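Quick notes on the structure that follows.
The values are calculated or read from the model by the stated rules, or taken from the named source; none is laboratory data. The shown structure was predicted, so the numbers you read here are calculated from the model rather than taken from an experiment. Positions of Cβ are generated from backbone atoms using ideal geometry, with glycine treated the same way; all protein chains shown enter the neighbour counts.
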Amino acid sequence: MPSRKQKREQYRRSLGKPENASKLPRKKYYRQRAHANPLSDHAFEYPACPSKMDWSSFYPAFAASAERPGSCGLRDDKKVEIADIGCGFGGLLFALAPRFPETLLVGLEIRVSVTQFVEEKIRALRNKHAPKTTSTSASTSTSTSEPGAPAYAIPSVYQNVACLRANAMKFLPNYFAKGQLSKLFFCFPDPHFKARKHKARIVSATLNSEYAYVLRPGGIVYTITDVDDLHRWMVEHFEAHASFERVGEQDLEQDECVKVMMTETEEGKKVERNKGQKLVACFRRLEDPPWP
């Protein structure tokens with residue numbers, strides 16, 4: 001009788017067959033312990049700097065070409081703008097992707113099996129939603145977001161979402177240039193309850209400076225947790241940082257991303273089933289003061 005590991009490997013290999021190209025992966029074959037120590041040494045491959053990062057394999061529909069030049073492997077009008085730190089099984093990414101079809105989203109996840117699940121689901125959704133025909137009208141559809149901008153074919157849904165295995169606490173500036181991101185999500189991060197573990201929390205005075213670096217002025221940091229102590233910790237650290245101001249409740253009610261963040265993540269659904277609390281706080285990146 002095959003072991004659990006063997007069953008998992010057999011299942012994953014079966015997804016690579018052509019007849020299963022649009023078959024969504026099942027979470028039970030990708031489960032991994034919920035907590036990973038971000039301060040431990042892991043085998044990561046990461047770019048030396050953002051300009052060395054080749055995104056073309058993650059977003060092939062937006063890849064640069066001779067006719068569509070660009071940088072980092074993407075055409076000149078595209079770059080990653082939304083990042084979900086610790087994306088888990090990708091619930092937030094898959095909910096936001098159709099809502100921002102012309103914006104590139106990426107999830108950063110430290111766990112190997114969970115990253116593989118999101119990658120497999122992206123592949124399956126792209127195949128599932130690929131155009132069924134190559135009619136003239138479909139092949140000539142274009143997007144011209146700005147007057148005089150070059151016209152590009154509109155890609156099928158979920159071409160704008162990707163996931164990669166990375167440790168955001170150590171290598172975030174290796175992937176994103178200064179002011180590149182417009183939205184940054186921290187959905188139900190590991191609370192690290194013990195005081196000696198607080199240094200491993202994803203929000204801290206030092207890390208907040210890195211988030212300020214990769215966020216453009218006006219960009220938003222979204223946080224949600226069901227742990228009151230962690231919520232207060234994140235609020236205190238962001239409010240104490242000179243580059244951020246807290247977003248008011250009225251603005252949060254009108255922000256579609258907040259609604260998605262509360263309902264579409266796996267942890268959010270679990271909290272809902274358990275009738276727990278969902279504590280939300282968002283922070284806006286301020287303009288840098290002028291040099292004296």
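The table for this structure:
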read-out	value
Scan of the range 59-107 for residues that are among the small types (G, A, S), outside any helix (DSSP H, G or I) and out of contact with any helix residue (DSSP H, G or I) (no Cβ under 6 Å at 6 or more places or on another chain), ordered by number	A63, A64, S65, A66, G70, S71, G73, A83, G86, A97
Selected residue (criterion: modelled with the lowest pLDDT) from residues of the range 29-57 that are exposed (fewer than 10 other Cβ atoms within 10 Å of the Cβ) and not small (G, A, S)	D41
From the options R165, R201, residue that is over 14 Å from the mean Cα position of the chain (by Cα), closer than 14 Å to I85 by Cβ and among the charged types (D, E, K, R)	R201
Subset of the range 204-235 [surrounded by fewer than 20 Cβ atoms within 10 Å (Cβ to Cβ), in contact with a helix residue (DSSP H, G or I) (Cβ under 7 Å, 6 or more places away or on another chain) and over 18 Å from K270 (Cβ atoms)]	S204, A205, L207, E210, Y213
Residue check for L286: surrounded by 11 or more Cβ atoms within 10 Å (Cβ to Cβ) and more than 15 Å from T225 (Cα to Cα)	yes
Residues within the range 256-274 that are under 23 Å from L207 (Cβ atoms) and either more than 21 Å from the chain's Cα centre (by Cα) or surrounded by fewer than 16 Cβ atoms within 10 Å (Cβ to Cβ) (or both), tallied	0
Residues satisfying the stated conditions in the range 186-212, i.e. in contact (Cβ under 8 Å) with a residue 60 or more places away in the chain and among the charged types (D, E, K, R)	D190, K199
Strands (runs of 3 or more DSSP E) (entirely within the range 198-292) containing at least 3 residues that are among the aliphatic types (A, V, I, L, M)	215-225, 279-285
Qualifying residue in the range 236-253 (condition: surrounded by fewer than 19 Cβ atoms within 10 Å (Cβ to Cβ) and among the aromatic types (F, W, Y))	no
